[in-house]
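Here the structure comes first, spelled out in structure tokens, and everything after it is commentary.
The values are calculated or read from the model by the stated rules, or taken from the named source; none is laboratory data. Since we're looking at a predicted model, the values are computed, not measured. Quick reminder, even Gly has a Cβ in these numbers, built from the backbone with ideal geometry, and neighbours come from all protein chains shown. In case anyone asks, the SASA skips ligands and DNA or RNA and just uses the protein heavy atoms, side chains included. Shrake-Rupley method; radii C 1.70, N 1.55, O 1.52, S 1.80 Å.
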Amino acid sequence: MKLYNTLTKKIENFIPNEEGKVKMYTCGPTVYHYAHIGNMRNYIGHDILERTLEYLGYDVTRAMNITDVGHLTSDSDSGEDKMEVAKKRENKTAMEIAKFYTEAFFKDFQSLNCKMPDIISPATENIDMYIKMIERLLEKDYAYISGGNIYFDISKLDDYYVLTNHQEDKMVVGVREGVEVDDSKRNQSDFVLWFTTSKFENHELLWDSPWGKGYPGWHIECSGISIKYLGDHLDIHGGGVDNIFPHHTNEIAQSEAYLGHKWCNYWFHNEHLLDESGKMSKSNGEFLTVTLLKEKGYDPLSFRFMCLNSHYRKQLVFSYSALNQAESTYKKLLNRIEAIEDIGELDEGEFSSYNEDFIDNIRNDLNTANALSVLYELLKDDQVNGHTKLELIKKFDKVFALNLIREKSVASNDEEIRSLIEKRDEAKKNKDFELADSIRNELKIRGIELIDTREGTKYKIIGE
Ligand code: AMP
Ligand code: ZN
């Protein structure tokens, strides 16, 4: 498998620490608000990576955190904890906010067919691990106490800026726009491991520590959770490109200082999804969420299809016209697949030749767009019988996860559809239009269109 590594700025041959096994970590969401479709593009990228590794025969163990404390609005040490911002906005406790947005996140995550990581751990559940790490960093003199907080001293490392091409001058946190200078720091790029005083006011979540009551910084969460659940050697760690600095740079610094050896070999970063105004941001305007797309009648997998048509290391611009285009191409693809008759015997020669073509593309730094071209070539190849085609499509779909083979029994299960229609009629009678619309959308996603007539609700299979 060839994978671009942000650490070396090269496409490299992927070799895990232990043969046949991969330990992989994904930075999870900050659950102070809904995750937008930009965040979800990042998780689709990680899902494709995990599925590709599994397709190639690796046994993957993947962990992901849920950030429910410590992520400040600046992404560094100034500003306010994002959970505190949400509390004020919604008049709820931090844990109520976290619970609500964690559930919303996984609902969208799963409707995009993203596999649930083996380990999912909220930052607030691993405080003992961060304390243990910080104690050792203090002992080893990589950390210091100043102004009440515990800071990591970046000058103790030969090269703190390993992930960012050693561009120290451009990367100093203190000189970045909008970031306050902190007089308690020895070096302006030092970062907080544990807050005890300066961000103390009104902070709801506080824990006892050897240095008084406080709470952890954002970066220590991911190092702590990764080392606790995946061990001292990690194969792949990833996130969006905005995580490279300072978040992942700080993770490397503190993890390697704590462990005393190299920690993670491959750093995987997904480029951003932009909206037409530039970077998609959770903080302004209407949230473009997967749930919103569903409410507008889109199939979430059309969005997944749109993402797979571009490369994860290229920016992608979202617009409704691009999504309409993707949805129409995706539905046509499904219809073409549905029309294939399952006839003939498995043609092993054709099967392995197409499968190899497919593998060549996905193992080449996850070239999903070219892997989709292999699928299109297969569809128009008259030399390959229907049964072989369907077996190949089923197999490719282990990576694409686009529900390419529709369960005919579900689509044409008249009884189930009838009972959903009755539920919708009932909802309309009770003026619960939200429920009525959600049933209509649910059926649309499954390829069934409802038609309201004077004689009652009828339905047809879309595309027939
Ligand atoms: P957050 O919830 O803000 O911690 O972000 C969750 C993940 O989404 C992080 O790994 C970010 O790097 C990633 N991310 C944020 N914005 C975008 C975007 N516009 N496109 C793709 N990924 C993003
Ligand atoms: Zn992280």
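Assorted remarks:
- Proximity of backbone amide H atoms, modeled 1.01 Å from N, is registered between Ser121 and Met64, Asn65, Ile66 at under 5 Å, excluding neighbours fewer than 5 places apart on the same chain.
- Kirkwood Rh and Cα Rg combined as Rg over Rh, evaluated for region 287-400: 1.01
- Percent carbon-and-sulfur accessible area, the chain, ignoring ligands, DNA and RNA, probe 1.4 Å: 47
- Placing +1 on the Cβ of every Lys and Arg and -1 on the Cβ of every Asp and Glu, with no other charges, gives the chain a dipole of roughly 800 debye about its Cα centre.
- Residues whose placed amide H lies under 5 Å from that of Ala143, excluding near-sequence neighbours: Leu138, Asp153
- Shown for region 74-122: lysine pairs separated by 8 or more places, or found on different chains, whose C-alpha atoms are under 22 Å apart, numbering 10.
- Region 2-274 - percent relative contact order, Cα under 8 Å, separation 6 or more: 25
- Here's the picture: charge each Lys and Arg Cβ at +1 and each Asp and Glu Cβ at -1 in region 410-461, and of Ile421, Ile461, Ile439 the one pushed furthest to the positive end of that dipole is Ile461.
- Accessible area (Å², 1.4 Å probe, nearest 10) - His272: 40
- FRET efficiency estimate (nearest 0.05) - Cβ-Cβ, Ser277 to Asp158, R0 41 angstrom: 0.50
- Distance cut-off 19 Å, percentage of C-alpha pairs in region 131-277 lying past it: 54
- Radius of gyration and maximum dimension Dmax of region 2-274, Cα, Å: 17.9, 52
- Length gained when the stretch His233-Arg418 is fully extended (0.36 nm per residue, less Cα-Cα span): 61.2 nm
- Mean Cα-pair separation over length for region 287-400, i.e. relative contact order, pairs under 8 Å, 6 or more apart, %: 29
- Model label points for Leu56 and Lys314, set 7 angstrom from Cα along the Cα-to-Cβ axis, are 2.1 nm apart.
- With viscosity 1.567 mPa s and temperature 4 °C, the Kirkwood radius over alpha carbon pairs of the chain converts through Stokes-Einstein to a diffusion coefficient of 53 µm²/s.
- Its residues counted as N, region 410-461 yields a C-alpha radius of gyration over 2.2 N^0.38 Å of 1.04.
- A 1.4 Å probe run over the protein chains yields, for the chain, 45 Å² of accessible area per residue, whole-number rounding.
- Acute angle (nearest 10 degrees) that the helix 94-111 long axis makes with the longest principal axis of the chain, alpha-carbon atoms: 40
- The chain, helix-only ellipticity at 222 nm - DSSP H runs n ≥ 4, -39,500 (n - 2.57), divided by all residues, nearest 500: -13500 deg cm²/dmol
- Considering only alpha-carbon pairs that sit under 8 angstrom and 6 or more positions apart, the relative contact order computed for the chain is 17 percent.
- Working note: Karplus 6.51/-1.76/1.60 with θ = phi - 60° gives region 126-132 the couplings 10, 4, 4, 5, 5, 5, 4 Hz, where Gly and Pro are set to x.
- Between helix 433-445 and the chain: long-axis angle, C-alpha atoms, 0 to 90°, nearest 10: 70
- Here the extension length gained between Ser74 and Lys380 equals 105.0 nm, from 0.36 nm per residue of separation less the Cα-Cα distance.
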